[in-house]
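Taken together, the values in this text are just the output of simple stated rules run on the coordinates, not laboratory data. Model, not experiment: these values are computed from the prediction. Cβ sites come from the backbone with ideal geometry, for glycine too, and all protein chains shown count toward neighbours.
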Amino acid sequence: MRSRKVLAANGSNSRAPAISVVGSGNRAASPICKATGECLVFDIVNQYGEDELLTNMFLRRLHNYATGMHWLPWPVLPKRRWPAVEHKERRAVTFEECQRIIERERNPEIRAYYQFLWHLGGSQTDIAQLTAEDIDWLDRTISYRRNKTDVPVIITFGTEAASLLQALPKSGPLFPRLVRLKENHRAKMFIKRLKTLGITGISLRSYRYAWSERAKTVGMPERFAQEALRHSSKAFARAYSKKAKVIVPSLEDYERKIVPMPMAVNQ
């Protein structure tokens, strides 16, 4: 039977452990490198180039799980010595980019899906799972529960969204093909579309950033934006819209709009 080899850490508390391969049976352990755990982790993280962030994050998870299960007698690398997690800059999709994506997309279902992401600001999974039964035409609202938090969201739709709904199924899923796809498949499909247009720096989540920034720009109260994004934290809602450009009106014009109230007369 083929012997299984696992990574183990040897060393004392005062020194970063060296990495070695442990054999099965009576076979002695043979060191695979003389470097410390810190050097090994940095080498692994830096080896994957563009996937450096995911490599760092998943390697941390694997290490913490192995340590917690006592598969490792001692951490390979102390928590404060791990490479810093540096997230890429996130930005919102612009109106011009949204229009280019819609114009290039030939599939009616996918095109409508991108348009609803723009109008509703929901997550890609929440929008993909919308059904005709979620629509209240009397109140012109769409109601659903967030897939991530299971909290209800009720959002009003406008004229453009209403015209889009007219062309979608009248019962069952609004996007019958997309609802069957996994998140990563929808994301890859979107990335392929971006490559045909030469657009970079955005993802499906960028539609949520765009919705939040648009809401802040037009002066929508924060509590409404928070309800639409459906995050309990105000700070999180503000983070989505931190790049919104808001033009402060002239105080002089505001003062001129003040209408003096009549004085009350005591009787």
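Using per-residue counts of other Cβ atoms within 10 Å, averaged over each peptide, order 106-113, 174-181 from highest down.
Final packing ranking: 174-181, 106-113.
So for each of 92-98, 64-70, 205-211, 215-221 I average, over its residues, the number of other beta carbons within 10 Å; can you give me the resulting order with the highest mean first?
205-211, 92-98, 215-221, 64-70
Using the Cβ atoms and a cut-off under 9 Å, what net charge is assigned to the surroundings of Gly121, where Lys and Arg are +1 and Asp and Glu are -1?
That sum, taken over residues with Cβ under 9 Å, equals +2.
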